[in-house]
Amino acid sequence: MTTSAETVVVPARTKTAAVSAPVRHKQGFQHGGWFVAPFLALFTLFVIWPLLRGVYLSLTDANITGAGESFIGLDNYREALKDPLMWDALGHSAYFTLLVVPCITVLALLLAMLAHHIERGKWLWRLCFFAPFLLPSTVAGNLWQWLFNPGTGMINHVFGGDTPWLTDTSYAMLAIVVETLWWTVGFSFLLYLAALQSIPGHLYEAAKLDGANAWHRMVHITLPMLRNITGLVVALQILASLQVFDQAVVMMDFGPGPENATRTFVQYTLEEGFTSYRVGYASAISIIFFVIIAAVALARMWLLRNREEAAR
Amino acid sequence: MSTAVRPRRKSSWTPSQIVLTLLGAAVSVVFLAPFAWGLFTSLKSETEAVEVPPHWLPKHWTGQAWKALFDTGNITDWFVNSLVVSVCVTSVVVLVSALAGYGFARTEFRGKGLLMGVVMSGLMVSPAVLGVPLFTTVQQMGMVDTYWGMILPQCAPAAMVYILYKFFQGIPHELEEAAFIDGAGRWRVFFTIVLPLSRPSLAAVGIFTFIASWNNFLWPYMVTSNPDLMTMPNGIATVMNSYGIQWAQLMAGGLMAGLPLIVVFVFFQRQIVAGVAHTGLAGQ
């Protein structure tokens, strides 16, 4: 789930080429439409239309067969707001996000710095830290389900103790968080690594001449230069983590975990839609979820704009 | 690999380099340990795999889990399905998002601003957010349990359009103008000048799309229940688990599902890191 780069970034303010306007104008003003048409066709069918359809279905009592749905207004939303299972699921996704995002950001930065500064065998470090991300979520989930297995797994064997990782409410989510860190940190690691490589070397040389030590160079050059990429990593991770599903269900054998402790929001939506066949209700909670995700993304946009204005 | 061609600066083993390298090695061991555990488990017999206490190396090395995987499972079908789906998704996404990115970045047409805004808002919609309505839409189109149903809904990623849009904005206008003056049209300029220039960005978009599509679990899980149509991650997670887990076999299947991408990464990792830098994802 973390792979999709679902981010919202402020529209770039680049110089639009007013200079070349006459030439461009002559070259078929309307041609541009054909370039975007194929994408827009797919986008309309599989993004816009489902979104609109979701809004409509959320106002009905539709079931999975699609037969004979009737309009029931806002009843689904009223029910959702009073539904403890929905709030629990939302809480689990939020709790997961709160645990994962700070850990993954710091870990990715540290790994990237390590891989950036070691001079030998660069490709080897990259491969090691990125390889887990190349596994399908289900495979990574199964692997850690096996590692966390209380009796036959390696975690308890190596670290001692007999912690019931996957069957105890207080540990189950932690196990999923640990798996997620291992599995997805490689993506953010790669973003940080590319950003580190793009910091101009002369900045460090100038600082060295001024007598700055390694610590000063990191605090005054590296970290400020990485501020934008950190913003991006955090935003991508928040959006991806709120949508957690795969690893949680795989590690819990497609169930909601001990006493439902790991049932996430996406999982709850799908259970309502595909297991309870309540498509109308599932659509309503999907729309609520969409609004939450949109709010997070817009908040990020707003923060970025404020920061840009402050910088001016 | 192409790295060998470049003359390399000789690095010396200074004390700080030794410390960093040891640290890197220690962290790498932690990262690779789960892979090793999976690999060794796949080479045990099913009874040895579940012995308590667990041990790393098999006492009796055996390939029976791997053999059983091929004898009993539909693993080769799943592999082919994964390949078909990922290759189709990647080709369509690269083509369609390059066209759209260019259209938004470099051409003018009525309603461009509005459409761009709509596409950007699409960044927030994914099968995770609107899975149920997306499923009923695909159901209406009669594409449940078909290749079409698995492939097409993965083909409209606004994020890739945005990445290429940003990249195309950075190409100097002079390059295009010279061609326009020589009488070339938009399409010709796009295919003969812009696309060849964008190879690293297109490669990055293609590789990340391929990874995402090969590993995609949620959408194929929703849209197929027919084991013959499943992709690797789905077949392994849903079919193999449903018989009661056979750990050695499950680990063998998992490694088979993960291996292709790891091989791809080993060969293309320089391009992948360069592509991330090049698309401006990291450097903004």
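The values are calculated or read from the model by the stated rules, or taken from the named source; none is laboratory data. Being a predicted model, the structure only gives us computed values, none of them experimental. Heads up, the Cβs are rebuilt from the backbone with ideal geometry, glycines too, and the neighbour counts pull from every protein chain shown. For the accessible areas, the whole protein counts, side chains as well, though only heavy atoms, and no ligand, DNA or RNA atoms are used. Shrake-Rupley method; radii C 1.70, N 1.55, O 1.52, S 1.80 Å.
Observations
- Verdict on B:V80 being β-branched (V, I, T), surrounded by 14 or more Cβ atoms within 10 Å (Cβ to Cβ) and on the phi < 0 side of the Ramachandran plot: no
- Scanning the range B:100-129 for residues that are part of a helix (DSSP H, G or I), open to solvent by less than 40 Å² (accessible area, probe 1.4 Å) and touching a residue at least 12 places away in the same chain (Cβ under 8 Å) turns up B:A100, B:G101, B:Y102, B:F104, B:A105, B:R106, B:M116, B:V119, B:M120, B:G122, B:L123, B:A128.
- Here the condition is being touching an Asp or Glu at 6+ places or on another chain (Cβ under 6 Å) and more than 17 Å from A:A112 (Cβ to Cβ); of A:Q243, A:Q247, A:Q145, it holds for A:Q247 alone.
- B:Q154 being open to solvent by 20 Å² or more (accessible area, probe 1.4 Å), within 18 Å of A:S286 (Cβ to Cβ) and more than 7 Å from chain A (Cβ to nearest Cβ): no
- Neighbours by Cβ (under 6 Å, 6+ apart or cross-chain): first from the range B:59-82, without any contact (Cβ under 8 Å) to a residue 24 or more places away in the chain; second among the hydrophobic types (A, V, I, L, M, F, W, C) and in a loop (DSSP other than H, G, I, E, B): B:W61/B:L43
- Some residue of the range A:254-272 being of a type in the set (A, V, I, L, M), over 17 Å from the mean Cα position of the chain (by Cα) and open to solvent by 50 Å² or more (accessible area, probe 1.4 Å): no
- Residue selected from the range B:34-74 under the condition at the interface with chain A (Cβ under 8 Å from one of its Cβ atoms) and assigned to a helix (DSSP H, G or I), by the criterion farthest from B:A257 (Cα to Cα): B:A49
Residue-wise test of (1) open to solvent by less than 10 Å² (accessible area, probe 1.4 Å); (2) modelled with pLDDT under 95; (3) closer than 30 Å to A:H117 by Cβ.
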{"position": "A:N228", "(1), (2), (3)": "no, yes, yes"}
{"position": "A:M251", "(1), (2), (3)": "yes, yes, no"}
{"position": "A:Y277", "(1), (2), (3)": "no, yes, no"}
{"position": "A:V296", "(1), (2), (3)": "no, yes, no"}
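- Filter result for the condition that a residue is open to solvent by 40 Å² or more (accessible area, probe 1.4 Å), under 22 Å from B:A128 (Cα atoms), within 14 Å of the chain's Cα centre (by Cα) and in contact (Cβ under 8 Å) with a residue 40 or more places away in the chain, over B:F268, B:F210: B:F210
- Scanning the range B:168-192 for residues being within 27 Å of the chain's Cα centre (by Cα) and open to solvent by 30 Å² or more (accessible area, probe 1.4 Å) gives a total of 3.
Listed here are the residues, each with its yes/no results for (1) modelled with pLDDT of 95 or more; (2) within 12 Å of chain B (Cβ to nearest Cβ); (3) assigned to a helix (DSSP H, G or I).
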| position | (1), (2), (3) |
| --- | --- |
| A:F35 | no, yes, yes |
| A:F39 | yes, yes, yes |
| A:A62 | no, yes, no |
| A:E69 | no, yes, no |
| A:Y77 | yes, no, yes |
| A:A94 | yes, no, yes |
| A:L99 | yes, no, yes |
| A:I104 | yes, no, yes |
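- Every test in (1) more than 10 Å from chain B (Cβ to nearest Cβ); (2) outside any helix (DSSP H, G or I) is passed by A:F254 save one, and that test is (1).
- No other residue among A:Q267, A:Q247 is touching a residue at least 60 places away in the same chain (Cβ under 8 Å) and touching a Gly at 6+ places or on another chain (Cβ under 8 Å) apart from A:Q247.
- Per the listing A:R300, A:R307, A:R312, the residue uniquely modelled with pLDDT under 90 and within 23 Å of A:H92 (Cα to Cα) is A:R300.
- Annotation: A:V244 fulfils all but one of (1) under 21 Å from the mean Cα position of the chain (by Cα); (2) more than 9 Å from chain B (Cβ to nearest Cβ); (3) in a loop (DSSP other than H, G, I, E, B); the unmet one is (2).
- Check on B:T90, open to solvent by 40 Å² or more (accessible area, probe 1.4 Å) and either of a type in the set (S, T, N, Q) or at positive phi (or both): no
- Counted residues, the range A:57-78 - those being open to solvent by 40 Å² or more (accessible area, probe 1.4 Å) and under 27 Å from the mean Cα position of the chain (by Cα): 1
- Test: B:V273 is open to solvent by 10 Å² or more (accessible area, probe 1.4 Å), without any contact (Cβ under 8 Å) to a residue 40 or more places away in the chain and within 28 Å of A:V233 (Cβ to Cβ): no
- The one condition from (1) part of a helix (DSSP H, G or I); (2) more than 13 Å from every other protein chain (Cβ to nearest Cβ); (3) open to solvent by 10 Å² or more (accessible area, probe 1.4 Å) that B:L95 does not meet is (2).
- Hits in the range B:180-197 - residues which are in contact with a Gly (Cβ under 9 Å, 6 or more places away or on another chain) and of a type in the set (G, A, S): B:G185
- For A:A235, the conditions (1) in contact with a Lys or Arg (Cβ under 9 Å, 6 or more places away or on another chain); (2) surrounded by fewer than 22 Cβ atoms within 10 Å (Cβ to Cβ) all hold with the exception of (2).
- Scanning the range A:143-169 for residues that are in contact (Cβ under 8 Å) with a residue 60 or more places away in the chain and part of a helix (DSSP H, G or I) yields a count of 4.
- Within the range A:196-216, the residues that satisfy the criterion of being surrounded by 15 or more Cβ atoms within 10 Å (Cβ to Cβ) and assigned to a helix (DSSP H, G or I) are A:L196, A:Q197, A:Y204, A:A207.
- Qualifying positions in the range A:270-289 - in contact (Cβ under 8 Å) with a residue 40 or more places away in the chain and either outside any helix (DSSP H, G or I) or β-branched (V, I, T) (or both): A:Y277, A:R278, A:V279, A:I285, A:I287, A:I288
- Of residues in the range B:241-255 being within 9 Å of chain A (Cβ to nearest Cβ) and touching a residue at least 60 places away in the same chain (Cβ under 8 Å), the one most open to solvent (accessible area, probe 1.4 Å): B:L255
- Single residue of B:F109, B:F79 found to be farther than 20 Å from B:V239 by Cα and aromatic (F, W, Y): B:F109
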